[in-house]
Amino acid sequence: MNPVVLYTILTLTAIGILAAVVIYFVSKKFEVKEDDRIGKVEQVLPNTNCGGCGQPGCHAFAKAVVEAGDLAALHCPVGGNTVMKQVAEILGIKAVERDPYIAVVRCSGSFEYRKKTNIYDGAGSCKIAAALYSGDTGCAYGCLGMGDCVEVCDFEAMYMDEKTGLPVVIEDKCTACNACVKECPKDILELWPKGKKNQRVYVACLNEEKGSTARKECAVACSGCSKCFEACRYDAITMHNSLAVIDPEKCKLCMECVDTCDVHNIVTANVTPEKIQAANEQRLKREERARKKKEEEKLAAEAAKQAGNETAQQA
Amino acid sequence: MKLHNKLKTFRIGGVHPDDHKITAQRVIVPLPLPKSVTIPVTQHIGAPAKIVVQRGDTVKVGQVIATHEGFVSSNIHASVSGRVGIIEEVMDSTGFKHMAINIRVKGDEWEETIDRSEGLVEEIKLDPKEIVARIMEAGVVGMGGAAFPSHVKLSVPEGKHVDYLIINGVECEPYLTADHRIMLEKPKEIVVGIRILMKALGVSHAIIGIEDNKHDAVELFQELLKDEPGITVEALEVQYPQGGEKQLIQALLNREVPSGGLPADVGVIVHNVGTTFAIYEAVQKNKPLIERIVTVTGKSVKEPSNFRVRIGTPVMDLLIAAGGIPEDTGKIVSGGPMMGKAIADLDVPVAKGTSGILLIPKEEATRAEVYNCVHCGKCIEACPMGLEPYRLLILSKKGNSTRAKEEHILDCIECGSCSFVCPSNRPILDYIRLGKTQLRKPKKA
């Protein structure tokens, strides 16, 4: 063998071994001690790094969980209760169950209902359009329809419906990571409790202008007629200026309000029409009873008054 | 050999759009009174004025209908006489809804205190404090476009010494001629206005800066000011944005306003010629700011004109007076083509800051297809503030407002030179504006 080749191989091998020894000792000396539970927790997390939990990524979340030692303030919305249960098992602490959420689109102003008053041809971003003016329809509250929300979605859980011009959330894919909610300049998207049997009910409108103006701008705008507000037995509906808002915490999903809306803009998910109809009939019956009771009371009051008058006359 | 007399200009950046001053030789005509006016209470920078009239009240021309709330705010006056109609939120030329007062016109009855005679009043009776108070009372705001309350500019903060007054007659925006016409038709009034401003500020030097494409105005003022040593006239090179406050100061005095600073930091106060005329009228004639000159122009407009318009007149009335909307119109812009804003509704009222209505034909109005950034650096060359626009676009798009601030995004004067020169048609200014708004209001949680 050529001695040059031999020496080269020997020298390089020697350098390699020396470097390995040095690296071994240096790595021992300067080892970063990390709780090995962090790695374990990270493994069960979805590892999408979406930021939905409020932490910069899944590793940061794992670290925060291990450091905090309890799960009261930390929750992975993507993994949900199943993943959080596994995390709790790893750490040997109690799991905290949370109701799953989903993003809902709180605007029904499709092309059909909300006519365009001008054409926007600027940079294709809702955020820019919102900073420039109030929108290409008369409604200053509605969806701008340029799909910033669809673009930020990491889970392909949203798409723009070309027929309506509004975004649609795909129920099975949405993880409630909050990215679209943060992105929307008009606050159209909102996280909503997924609800029992995945049933939800909400008002798909944000227009707070008075009824006549709002209806001029959009045929399905909430006019603030308060019919749903009066129909609700659980005080779950409140009026903000001229807009009805359902509080999901108080809502018992009785669906009695749904049919009171004259523009059918109280939107339900996974509720059968039969249930809505039954709820409506129940409400009408109750109202009828209340009306009758009121009438009877009125008659009784009148009778009492008359009797009182008669006794006064007699005296 | 006589050296060629080089005109002054600012040092960095700038572009040369075609100036299209179609209406330069059109005499200002008063627009007939409209049927009704809608006067927004936010026509200026600062707090909205507080409404002091009610539906059904009868008002005279010049009557205060909304008073200033705080110092940085402005009074709003009735621009017509008649009955106050509905007070509600309406769309104005900013593209957003704001509170506005509707007045149905009946006759043309003016407040008795306003001097409506044509004669020139030269003698300045008021002392500096009274002048500022009168300007504040009259609701005068910067009429170049930004509509900053004039009395605030005249109240120089303590510890700052102002030695120069600059009168901005540059009008570097293409198409617009409102300032040009007022300089040609009311030069004597403007000179008195300058004297009033000099007295209020206590300065002995004033410079009128006029771009050289308005040579008739330059000569007119040179002739008028022959015997006036304190006021000089300077012709400036035709270059956009020569009329930017900071650019003008650099061109005329070679002083540089520090980043985030005000002209007063380098001893200068700048006022627009239109504002100077309004100040003359406010101080000498006791006339509040109730009308302004608006240029209605465009390549296919039948009768492009300069109108004297009452504040609150619907834009539609101006367009009808200018011969209607041409068929090929693609966009109607409030202001000039560089910095103006397309209006979304033709019922929007003329505000104190509306300098022109521009009708752009379809083929020029539509935005060209956007391509990727090729890093050619043209936007950096064009930026008159020495920024790196392409980089600010990326930072704004990513929402990195901390870095954007470090790159001095807030120094951007939104002149649009970067978008104008970009060979890839990138919406640079749109994103810079977005970045600036992101900085102003904190992100949602």
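The values are calculated or read from the model by the stated rules, or taken from the named source; none is laboratory data. Note that the coordinates shown come from a computational prediction; the quantities given were computed from them, not determined experimentally. Cβ: placed from backbone, ideal geometry, glycine included. Neighbour counts: every protein chain shown.
Would you please name the residue that is farthest from the other protein chains (Cβ to nearest Cβ), looking only at residues in region B:315-351 that are in contact with a Lys or Arg (Cβ under 7 Å, 6 or more places away or on another chain) and within 19 Å of B:Lys97 (Cβ to Cβ)?
B:Ser334
Has region B:237-257 got any residue that is of a type in the set (Val, Ile, Thr), outside the structural domain of B:Ser419 (by TED's automatic domain parsing), in contact with a Leu (Cβ under 8 Å, 6 or more places away or on another chain) and farther than 14 Å from B:Tyr164 by Cα?
Within region B:237-257 (the criterion being of a type in the set (Val, Ile, Thr), outside the structural domain of B:Ser419 (by TED's automatic domain parsing), in contact with a Leu (Cβ under 8 Å, 6 or more places away or on another chain) and farther than 14 Å from B:Tyr164 by Cα), the answer is no, since none of the residues qualifies.
Find the residue count for region B:424-445, including only residues that are at the interface with chain A (Cβ under 10 Å from one of its Cβ atoms), free of Cβ contacts under 8 Å to residues at least 60 places away in the same chain and closer than 20 Å to B:Ala368 by Cα.
Final tally of qualifying residues: 6.
Within region A:113-123, can you find the residues that are closer than 16 Å to B:Asp345 by Cα and within 11 Å of another protein chain (Cβ to nearest Cβ)?
Those that are closer than 16 Å to B:Asp345 by Cα and within 11 Å of another protein chain (Cβ to nearest Cβ): A:Lys116, A:Thr117, A:Asn118, A:Ile119, A:Tyr120, A:Asp121.
Restricted to region B:398-423, and to residues that are surrounded by fewer than 18 Cβ atoms within 10 Å (Cβ to Cβ) and within 13 Å of chain A (Cβ to nearest Cβ), which residue is modelled with the highest pLDDT?
Here the answer is B:Glu414.
Give me the strands (runs of 3 or more DSSP E) completely within region A:160-234, filtered to those with at least 3 residues that are more than 22 Å from A:Lys127 (Cβ to Cβ), ordered by residue number.
In region A:160-234, the matching strands (runs of 3 or more DSSP E) lie at A:200-203.
Failed condition for A:Lys173, given (1) touching a residue at least 60 places away in the same chain (Cβ under 8 Å); (2) surrounded by fewer than 19 Cβ atoms within 10 Å (Cβ to Cβ), with all others met?
That leaves (1) as the condition not met.
Hey, can you tell me all the residues within region B:410-428 that are more than 22 Å from B:Val257 (Cα to Cα) and not in a loop (DSSP other than H, G, I, E, B)?
The answer is B:Ser419, B:Phe420, B:Val421, B:Ile428.
Counting only residues that are out of contact with any Leu (no Cβ under 8 Å at 6 or more places or on another chain), assigned to a loop (DSSP other than H, G, I, E, B) and crowded, with 23+ Cβ neighbours inside 10 Å, how many does region B:152-175 have?
Adding up the residues that qualify gives 3.
Need the failing condition index for A:Met160 against (1) over 27 Å from A:Cys261 (Cβ atoms); (2) at pLDDT 90 or above; (3) of a type outside the set (Lys, Arg), just the number.
For A:Met160, the exception is condition (1).
Of the conditions (1) within 14 Å of chain B (Cβ to nearest Cβ); (2) buried (at least 20 other Cβ atoms within 10 Å of the Cβ); (3) among the aliphatic types (A, V, I, L, M); (4) over 30 Å from B:Ser93 (Cβ atoms), A:Ala157 fails just one. Which one is it?
In the conditions (1) within 14 Å of chain B (Cβ to nearest Cβ); (2) buried (at least 20 other Cβ atoms within 10 Å of the Cβ); (3) among the aliphatic types (A, V, I, L, M); (4) over 30 Å from B:Ser93 (Cβ atoms), A:Ala157 misses (1) alone.
Go through region B:6-64 and give me each residue that's of a type in the set (A, V, I, L, M) and over 29 Å from B:Ala282 (Cβ atoms).
Listed by number, the residues that qualify are B:Leu7, B:Ile12, B:Val15, B:Ile22.
Inspect all residues belonging to region A:7-18 and state whether any of them is under 25 Å from A:Lys194 (Cα atoms) and at pLDDT 90 or above.
Scanning region A:7-18, I find no residue that is under 25 Å from A:Lys194 (Cα atoms) and at pLDDT 90 or above, so the answer is no.
Take the residues in region A:129-143 that are more than 8 Å from every other protein chain (Cβ to nearest Cβ) and part of a helix (DSSP H, G or I), then tell me which one is farthest from A:Leu243 (Cα to Cα).
Among them, the one singled out is A:Ala129.
Of all residues being surrounded by fewer than 17 Cβ atoms within 10 Å (Cβ to Cβ) and charged (D, E, K, R) in region A:252-270, which is farthest from A:Ile102 (Cα to Cα)? Just the residue, please.
For region A:252-270, the residue satisfying everything is A:Asp262.
Which condition number in (1) part of a loop (DSSP other than H, G, I, E, B); (2) in contact (Cβ under 8 Å) with a residue 60 or more places away in the chain is the one that B:Ala368 fails?
In the conditions (1) part of a loop (DSSP other than H, G, I, E, B); (2) in contact (Cβ under 8 Å) with a residue 60 or more places away in the chain, B:Ala368 misses (2) alone.
Out of region B:64-91, which residues are more than 14 Å from chain A (Cβ to nearest Cβ) and within 21 Å of the chain's Cα centre (by Cα)?
Matches in region B:64-91: B:His68, B:Phe71, B:Val72, B:Ser73, B:Ser74, B:Asn75, B:Ile76, B:His77, B:Ala78, B:Ser79.
Using the structure shown, decide if A:Gly124 is free of Cβ contacts under 8 Å to residues at least 40 places away in the same chain, not assigned by TED's automatic domain parsing to the domain that holds A:Val201 and not in a helix (DSSP H, G or I).
So A:Gly124 fits the description; yes.
Report yes if B:Glu256 is acidic (Asp, Glu) and under 29 Å from B:Asp127 (Cα atoms), otherwise no.
no
Taking the condition part of a helix (DSSP H, G or I), buried (at least 24 other Cβ atoms within 10 Å of the Cβ), in contact (Cβ under 8 Å) with a residue 24 or more places away in the chain and not aromatic (Phe, Trp, Tyr), does B:Ala278 pass?
In short, yes.
Exactly one of (1) in contact (Cβ under 8 Å) with a residue 40 or more places away in the chain; (2) within 12 Å of another protein chain (Cβ to nearest Cβ); (3) out of contact with any Gly (no Cβ under 8 Å at 6 or more places or on another chain) is unmet by A:Val104. Its number?
(2)
Determine which single condition A:Cys126 fails, assuming it passes every other condition in (1) away from chain B (no Cβ under 14 Å); (2) touching a Gly at 6+ places or on another chain (Cβ under 9 Å); (3) crowded, with 18+ Cβ neighbours inside 10 Å.
(1)
With more than 14 Å from chain A (Cβ to nearest Cβ), β-branched (Val, Ile, Thr) and in contact (Cβ under 8 Å) with a residue 60 or more places away in the chain as the only criterion, which of B:Thr38, B:Thr94 stands out?
Residue meeting the stated conditions: B:Thr38.
Each row is one residue, and each column tells you yes or no for (1) touching a Pro at 6+ places or on another chain (Cβ under 9 Å); (2) under 19 Å from A:Cys174 (Cβ atoms); (3) not hydroxyl-bearing (Ser, Thr, Tyr).
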| position | (1), (2), (3) |
| --- | --- |
| A:Arg37 | no, no, yes |
| A:Cys58 | yes, yes, yes |
| A:Ala62 | no, no, yes |
| A:Val87 | no, no, yes |
| A:Ile93 | no, no, yes |
| A:Arg106 | no, yes, yes |
| A:Lys115 | no, no, yes |
| A:Asn118 | no, no, yes |
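With the requirement that a residue be polar (S, T, N, Q) and assigned to a helix (DSSP H, G or I), what does region B:372-409 give you?
B:Ser396, B:Ser401, B:Thr402
If I filter region B:254-270 for residues that are at pLDDT below 95, outside any helix (DSSP H, G or I), among the polar types (S, T, N, Q) and surrounded by 24 or more Cβ atoms within 10 Å (Cβ to Cβ), do I get at least one hit?
No, the conditions are met nowhere in region B:254-270.
Out of curiosity, is B:Ala100 under 26 Å from the mean Cα position of the chain (by Cα), assigned by TED's automatic domain parsing to the domain that holds B:Gln54 and under 24 Å from B:Pro349 (Cα atoms)?
In short, yes.
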